[in-house]
Every structure is written in C-alpha cells, then in structure tokens.
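Enquirer: Next up is a structure, given as structure tokens.
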Amino acid sequence: MAATLFDTSAMEKPRILILGGTTEARELASRLADDVRYDTAISLAGRTADPKPQPVKARIGGFGGADGLAHFLRDENIALLIDATHPFAARISHNATEAAQRTSTKVLALRRPQWQLEPGDRWTPVESVAEAVHALGPIPRRVFLAIGRQEAFHFETAPEHSYVIRSVDPVTPPLRLPDQEAILATGPFAEADEAALLENRKIDVIVAKNSGGSATYGKIAAARRLGIEVVMVERRKPADVPAVGTCDEALDLIAHWLAPA
Ligand code: NAP
C-alpha cells in the first residue's frame, strides 16, 4: 500500500484534510495541529515557489481532478474535507464538492467574507479579469495590477496602459507589455505602505479581486483615501456546500460534526 500522509498508529482519530493555499487555511491548520481529537493534514497546489512552512503534515500538487480527489478521500478514509482555498480558486472548490458528494465525505467551506463597498470607495465591479481589461477604457492609464500572476496575461490586449504588477512569484511567461514594472512581494500589506506605493507610482486605477480578509485590504483603504478607482473583480465560487467565514466558526462545526457518537 502507498505511504499515507496520516498517522497509522491513530486510526481511530477522524482524519481531516484541509485544502489550503490561504492564510485562513494555515491558521485553521495551526489551531487543529495540537488538537489530539483529530489527525489533520493540508494539501497545497504547489504554485508558490517558496511556500511558508505548514503547521501540519502537507501534501503538494494536484489530485487529478474530482476523480483523483475522490480516490484520495476514499483511500485515506477522510472524515472531513475542508475547502479553505482562495475565494478565486474555483476549480478546486468545484472538485471538492463533487468528490465529497461521490464519496459521502462531510465537507465544509471556510470562506472569508468579501469586502463591502464603503462611503468614498470608487469601485467598478466586473465579473472577470477579462472584463476588467475592458473596464480600463481606451485612454492610457497608470494601472496597479494586484490580481496575482495567473490571469495577468489578459492585460496584454491593452498595451496602451502603464502597469505596476505585484505578485508573490514572477509572472511567467513574461508579459508582452511595453510599459510594466514588476513588484515581487508577499502580504500582509499595510495601508500606509500601499498609499505610498500608489502615490509614488502615480497610479490612477487599481485592478483587484474581491478576496476579502485583512492582508490585502490596505490597497482598498488607501484607494478610498486617495480617491483612486478600483476595478473590482467579483467572486464566482460555487455556494453549494456548508460554509463559514472564520476559523472559530469552523472549529465549532468540526467539534459538532466529528464528536464521538
Ligand atoms: P484552481 O484554478 O481552482 O485549481 C486548479 C487546479 O489546481 C485544481 O484543479 C487542482 O488540480 C489544483 N489545486 C488547487 N488547489 C489545490 C490544493 N489546495 N491542493 C491540491 N491541488 C490543488 O486554483 P488556482 O486559482 O490555480 O489556485 C491554486 C492554489 O493557490 C489554491 O490552493 C488557492 O487556495 C491558492 N491561491 C489562489 C489565488 C487566486 O487568486 N486564484 C490566490 C491566492 C492563493 P487537480 O485538478 O489536479 O486536483
């Protein structure tokens, strides 16, 4: 039999698998790490070149679609699957729902609440990154692109703008854009630093995803203060599993669902 991620000497403990890649997933993992009632592991896609250490056992890489994840859940006898992936990672969430359904595994989504419009905000809501490109309009602008690297390629169709592009790892392949500056950085980002960046680079529009959470909210608060427009990509996650917004709520439900009969 293939090596298991879990503790084979503790077979009676319910096994929890967290689908991670977010701050909340790490936080939940660290709070479950020392809980002797459960055997917890985390799964990462492996996108980040230098991921932060995880507080529980970790596996890295895709499962091979919903089929692969269903096999994993069955083979590893997972009692609870927690989808704590990023609000914009739609495919893995879809796979999680389907695999859990097929294997009758309990599933819970941990989704941070999205940011809400506040007085002074100048948001232009869009449904996708492709739509965000059009929302920039035809007149050249100075754009702060803060959507991560995976979908940055869409902006190659709008080379008339100047871009400051921030991501954790470099955008690959490099973007074919005549005027671009890459900033490699990992959050959290403070509002004061974000305001300085926006002013120094003379940014007049930000493209952001409505990710929620505090780590990347600084740019939104700074934009409000400086009167800068934010083209805000709205979420499109499936809403077909029980979901909670905080680690505390998740821990309560876990205790309730996995309590010994
Ligand atoms: P995605 O489009 O929903 O998923 C693409 C594929 O990546 C999935 O089908 C799955 O491959 C694999 N995958 C994703 N998350 C995984 C996980 N936690 N463990 C194992 N495999 C995983 O996801 P994405 O947008 O590429 O994001 C990848 C990861 O980065 C996610 O875990 C997410 O939490 C994190 N992240 C995403 C964003 C964002 O803006 N999208 C931002 C910050 C962090 P198989 O089909 O082969 O299983």
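Enquirer: Within the set of pairs 6 or more residues apart or between chains, which connect a residue that is within 20 Å of L69 (Cα to Cα) inside segment 3-29 to a residue that is part of a strand (DSSP E or B) and open to solvent by 40 Å² or more (accessible area, probe 1.4 Å) with Cβ atoms less than 6 Å apart?
Expert: Close Cβ pairs satisfying both conditions: L5/K57; L5/R59.
Enquirer: What are the residue pairs meeting all of these: first residue in segment 49-62, first residue more than 20 Å from T186 (Cα to Cα), second residue modelled with pLDDT of 95 or more and more than 13 Å from the ligand (Cβ to nearest atom), Cβ atoms under 7 Å, and 6 or more apart or on different chains?
Expert: From segment 49-62, the pairs are V56/L32; V56/A33; V56/T40.
Enquirer: Does segment 193-201 include one or more residues that are within 26 Å of A49 (Cα to Cα) and open to solvent by 20 Å² or more (accessible area, probe 1.4 Å)?
Expert: Yes, that holds for at least one residue.
Enquirer: Tell me which of these V241 doesn't satisfy, since it passes every other one: (1) without any contact (Cβ under 8 Å) to a residue 60 or more places away in the chain; (2) closer than 25 Å to R112 by Cβ; (3) open to solvent by 20 Å² or more (accessible area, probe 1.4 Å); (4) in contact with a strand residue (DSSP E or B) (Cβ under 6 Å, 6 or more places away or on another chain).
Expert: It is condition (1) that V241 fails.
Enquirer: Search segment 1-25 for residues being away from the ligand (no atom under 16 Å from the Cβ) and outside any loop (DSSP other than H, G, I, E, B), and hand back the single one that is farthest from P113 (Cα to Cα).
Expert: Here the answer is S9.
Enquirer: Of the residues A222, A182, which single one is part of a helix (DSSP H, G or I) and among the aliphatic types (A, V, I, L, M)?
Expert: A222
Enquirer: Still on this model: Name the one entry in G46, G120 that is on the phi > 0 side of the Ramachandran plot, assigned to a loop (DSSP other than H, G, I, E, B) and modelled with pLDDT of 95 or more.
Expert: G120
Enquirer: Also, quick follow-up: Could you list, in sequence order, the residues of segment 26-52 that are away from the ligand (no atom under 16 Å from the Cβ), surrounded by fewer than 22 Cβ atoms within 10 Å (Cβ to Cβ) and not polar (S, T, N, Q)?
Expert: Those that are away from the ligand (no atom under 16 Å from the Cβ), surrounded by fewer than 22 Cβ atoms within 10 Å (Cβ to Cβ) and not polar (S, T, N, Q): R31, A33, D34, D35, V36, R37, Y38.
Listed here are the residues, each with its yes/no results for (1) at pLDDT 95 or above; (2) among the charged types (D, E, K, R); (3) over 20 Å from E229 (Cα atoms); (4) out of contact with any strand residue (DSSP E or B) (no Cβ under 6 Å at 6 or more places or on another chain).
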residue	(1), (2), (3), (4)
T124	yes, no, no, no
E131	yes, yes, no, yes
Q150	no, no, yes, yes
S162	yes, no, no, no
D193	yes, yes, no, yes
V205	yes, no, no, no
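Enquirer: Still on this structure, please answer the following. Consider L110 carefully, then state whether it is open to solvent by less than 20 Å² (accessible area, probe 1.4 Å) and touching a residue at least 60 places away in the same chain (Cβ under 8 Å).
Expert: Yes: the conditions hold for L110.
Enquirer: Please go through segment 162-176 and give me each residue that is free of Cβ contacts under 8 Å to residues at least 24 places away in the same chain, within 16 Å of the ligand (Cβ to nearest atom) and open to solvent by less than 60 Å² (accessible area, probe 1.4 Å), ordered by number.
Expert: I165, R166, S167, V171
Enquirer: Hey, another quick one. Here are some residues: T97, T40, T105. Which one is under 18 Å from the mean Cα position of the chain (by Cα) and among the hydroxyl-bearing types (S, T, Y)?
Expert: The unique qualifying residue is T97.
Enquirer: When segment 55-88 is examined, which residues are found to be within 12 Å of the ligand (Cβ to nearest atom), open to solvent by 30 Å² or more (accessible area, probe 1.4 Å) and either in contact with an Asp or Glu (Cβ under 9 Å, 6 or more places away or on another chain) or not in a strand (DSSP E or B) (or both)?
Expert: Listed by number, the residues that qualify are G62, F63, G64, G65, D67, H71, F72, H86.
One line per residue, one yes/no per condition, for (1) free of Cβ contacts under 8 Å to residues at least 24 places away in the same chain; (2) open to solvent by less than 50 Å² (accessible area, probe 1.4 Å):
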{"site": "R91", "(1), (2)": "yes, no"}
{"site": "T103", "(1), (2)": "no, yes"}
{"site": "Q116", "(1), (2)": "yes, no"}
{"site": "P119", "(1), (2)": "yes, no"}
{"site": "P125", "(1), (2)": "no, no"}
{"site": "H134", "(1), (2)": "yes, no"}
{"site": "A152", "(1), (2)": "yes, yes"}
{"site": "T157", "(1), (2)": "no, no"}
{"site": "E160", "(1), (2)": "yes, no"}
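The values are calculated or read from the model by the stated rules, or taken from the named source; none is laboratory data. Keep in mind it's a predicted model, so treat the numbers as computed, not measured. We place every Cβ from the backbone using ideal geometry, glycine too, and count neighbours over all the protein chains shown. What goes into the accessible areas is simple: the full protein's heavy atoms, side chains included, and nothing from ligands, DNA or RNA. Shrake-Rupley method; radii C 1.70, N 1.55, O 1.52, S 1.80 Å.
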